[in-house]
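K.L.:
I am attaching a structure below and will ask some questions about it afterwards.
The values are calculated or read from the model by the stated rules, or taken from the named source; none is laboratory data. Everything numeric here is computed off the predicted structure, so don't read it as measured data. Cβ placement follows ideal geometry from the backbone for every residue including glycine, while neighbour counts extend to all protein chains displayed. Heavy atoms of the whole protein, side chains included, go into the accessibility calculation; ligands, DNA and RNA do not. Shrake-Rupley method; radii C 1.70, N 1.55, O 1.52, S 1.80 Å.
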Amino acid sequence: MSLKGIAASSGIAFGKVFKYEKKEMVITDKKTENKEEAFGLLKKAIAKSEQELVIIRDETIRRIDEDHGMIFNAHIQILKDPELYSQTVQKIESEHLNPAAAFKAVSEQFAMIFDMMDDAYMKERASDIRDVSERVLAHILGVELVDFKQINEPVIVVAQDLTPSDTAQLDKDLVEGFITNIGGRTSHSAIMARTLEIPAIVGTKTIMDDVNHGDIVILDGLSGIVEINPSKDLIDEYKRKAKSYEDQKRTWAMLKEEATVTACGHHVELAANIGSPKDLEGVMNNGGEGVGLYRTEFLYMDSDDFPTEEKQFEAYKSVLEGLNPKPVVIRTLDIGGDKELKYMDMPHELNPFLGHRAVRLCFEKKEMFKTQLRALLRASNFGNLKIMFPMIATLEDFRQAERILEEAKAELISEGQNVSENLEVGIMVEIPAVALLADQFAKKVDFFSIGTNDLIQYTFAADRMNERVSYLYQPYNPSLLRLIKLVIDAAHSEGKWVGMCGEMAGDEIAIPLLLGLGLDEFSMSASSILPARDIIKGLTKTEMETLASEALMKDTNEAVIKLVKKTLGGK
Ligand code: PEP
Ligand code: MG
């Protein structure tokens, strides 16, 4: 059986299905009637958890290393803590709580003690306690616990959806790829897959019903096709396809040290989008000429509490130093939408992508914002930093962000700290209101970076997470191209540069059009850089300008695709 979804990250993977299903654990306030039975259940759940943790520890040591295995040793120690057991027993005795409610109450009390400690290492122990507690509770309640830590062999993860923090937990050495029911090409799990260079297909709608744990699948991240329990002939056919893709990658690799220059000698910059300092390796391996978007929210999402100024400073500094003197655009926190922080109270919103996200939230949490800005300003001394504000909607938004940045700068200077003189400050253009008023914004900012992932969802009023409206992700539609032209022309009239950090920047049909429209910097998943350089090498600026003007006069997305294909036919 085969199935088609949205090709989200290229590459071909073969493997066993690991079905990731989050089961809800419902803890009631039902009183315990039979205490002996409750104690027995508790003891059994703890013993079962320990057995599992020993297996996970040994497997982790065998497959990864001793250090990673020791994490589970710490979990076993927590489980064996006599206080955890005796206090739970006491709660059952005195308050007649059921064992799940009693264990949850006691373990949460323990976790809170660590939560309140100042030391970052001790604080992290709180999440270890919660992890262990979840395992024990699952056994008490008879709920099957599925988590990524159980993966101890190469697998393809199949899930309803993966949140960005789920994706961040995937172990690249064992997860060969993932397939989800929901999501689009620009949902963050898809973006993360491209950063991690893991093949992925999203938006299949039914994969969770179509496969069982342990089935064999082929994941073709180039076409979006999933083959379930394929025949040997089909596996052989895909092996050939995978080999020819690997050969193509080797050809691209030869462009790694080259500059990005068109056939007529026009230079553009090809930069990478990253989510953490760890991604720098991918930028280097793929010949990136800088970082056009560092999504700092992953630093916040990977922590158990707001990252301190020092922790942020170290992360930003390492990226700036690692690439110096190449440019690094660091975007301030863009939380909200599909990105949540487990330690921040974020009220449920009906339309989170139109809601209280990014700078809107930072303005309300000014101290949190200022901590990030201070870390960025201090890091500016270590490389070529450009600070970028996300989700700016009005000039007043930009002024407010700038005011807080100025406050942070003044604070640092009064403390005797240095801030780079060459720092640039720009904005993302991802809201149509900004594109339409780009001439005014261009007078105030140092640069623009067009965020087409959001700009497209807002222009077509089509949620980027909803696969049912994914047909409205129309990057070549003349309506969008006209908005992009407004932005580029406005910036150039003021002598400012324009980049694009939405996924469109790495799209092979879009690249010729963007070159023709005059885009200066293209920022994309690192794995798209070399194929993009290969395309640009074969193009000439004036021909692409003619192509872009013709495209602007077309009437549909499809008409533009046809035009690009016809024009580049022979290339
Ligand atoms: C965008 O909106 O195009 C963008 C790059 O930002 P994000 O995908 O993080 O919303
Ligand atoms: Mg965006």
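K.L.:
Would you check if Glu508 is open to solvent by 20 Å² or more (accessible area, probe 1.4 Å), part of a helix (DSSP H, G or I) and away from ligand 2 (no atom under 16 Å from the Cβ)?
P.N.:
no
K.L.:
Just the residues that are closer than 13 Å to Leu481 by Cβ and surrounded by fewer than 13 Cβ atoms within 10 Å (Cβ to Cβ), please, taken from region 554-571.
P.N.:
Asp555
K.L.:
Let me spell it out: the conditions are (1) closer than 20 Å to Glu503 by Cβ; (2) of a type in the set (D, E, K, R); (3) open to solvent by 10 Å² or more (accessible area, probe 1.4 Å), and Arg250 meets all of them except one. Which number is the exception?
P.N.:
Result: Arg250 passes all but (1).
K.L.:
Quick one: would you say Gln417 is more than 15 Å from ligand 2 (Cβ to nearest atom), modelled with pLDDT of 95 or more and part of a loop (DSSP other than H, G, I, E, B)?
P.N.:
yes
K.L.:
Across region 343-382, what is the total count of residues that are open to solvent by less than 30 Å² (accessible area, probe 1.4 Å), within 16 Å of ligand 2 (Cβ to nearest atom) and not in a helix (DSSP H, G or I)?
P.N.:
Of the residues in that region, 3 qualify.
K.L.:
Among the residues of region 522-543, which ones are buried (at least 24 other Cβ atoms within 10 Å of the Cβ) and either in a strand (DSSP E or B) or free of Cβ contacts under 8 Å to residues at least 40 places away in the same chain (or both)?
P.N.:
Within region 522-543, Phe522, Ser523, Met524, Ser525 qualify.
K.L.:
While we're looking at this one, here's another question. Among (1) surrounded by 14 or more Cβ atoms within 10 Å (Cβ to Cβ); (2) modelled with pLDDT under 90, there is one condition Leu97 misses while meeting the rest; what is its number?
P.N.:
(2)
K.L.:
So, one more: Only one of (1) within 16 Å of ligand 1 (Cβ to nearest atom); (2) under 24 Å from Phe448 (Cα atoms); (3) over 18 Å from the mean Cα position of the chain (by Cα) fails for Asn351. Which number is that?
P.N.:
Result: Asn351 fails condition (2) only.
K.L.:
Same structure again: I'd like to know if region 178-199 contains one or more residues that are over 24 Å from Asp338 (Cα atoms) and open to solvent by 40 Å² or more (accessible area, probe 1.4 Å).
P.N.:
No, region 178-199 has no match at all.
K.L.:
Here is a follow-up. Restricting to region 439-481, and then to whatever is over 20 Å from the mean Cα position of the chain (by Cα) and closer than 14 Å to Gly499 by Cα, can you tell me which residue is nearest to ligand 1 (Cβ to nearest atom)?
P.N.:
Among them, the one singled out is Phe448.
So that you can scan it fast, the table gives a plain yes or no per residue for (1) surrounded by fewer than 24 Cβ atoms within 10 Å (Cβ to Cβ); (2) in contact (Cβ under 8 Å) with a residue 12 or more places away in the chain:
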{"residue": "Ile427", "(1), (2)": "no, yes"}
{"residue": "Asp439", "(1), (2)": "yes, yes"}
{"residue": "Asp446", "(1), (2)": "yes, yes"}
{"residue": "Ile450", "(1), (2)": "no, yes"}
{"residue": "Ala461", "(1), (2)": "yes, no"}
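K.L.:
Still on this model: Test Gln372 against the criterion of being at pLDDT 95 or above, within 30 Å of Gly322 (Cα to Cα) and under 21 Å from the mean Cα position of the chain (by Cα), and give yes or no.
P.N.:
yes
K.L.:
If you don't mind, another one. Do the conditions hold for Arg403, that is, is it basic (Lys, Arg) and either within 24 Å of Tyr294 (Cα to Cα) or within 15 Å of ligand 1 (Cβ to nearest atom) (or both)?
P.N.:
So Arg403 fits the description; yes.
K.L.:
Would you mind telling me which numbered condition in (1) assigned by TED's automatic domain parsing to the domain that holds Ser10; (2) among the polar types (S, T, N, Q); (3) within 29 Å of Thr163 (Cα to Cα) Ser231 fails?
P.N.:
Among (1) assigned by TED's automatic domain parsing to the domain that holds Ser10; (2) among the polar types (S, T, N, Q); (3) within 29 Å of Thr163 (Cα to Cα), the lone unmet condition for Ser231 is (3).
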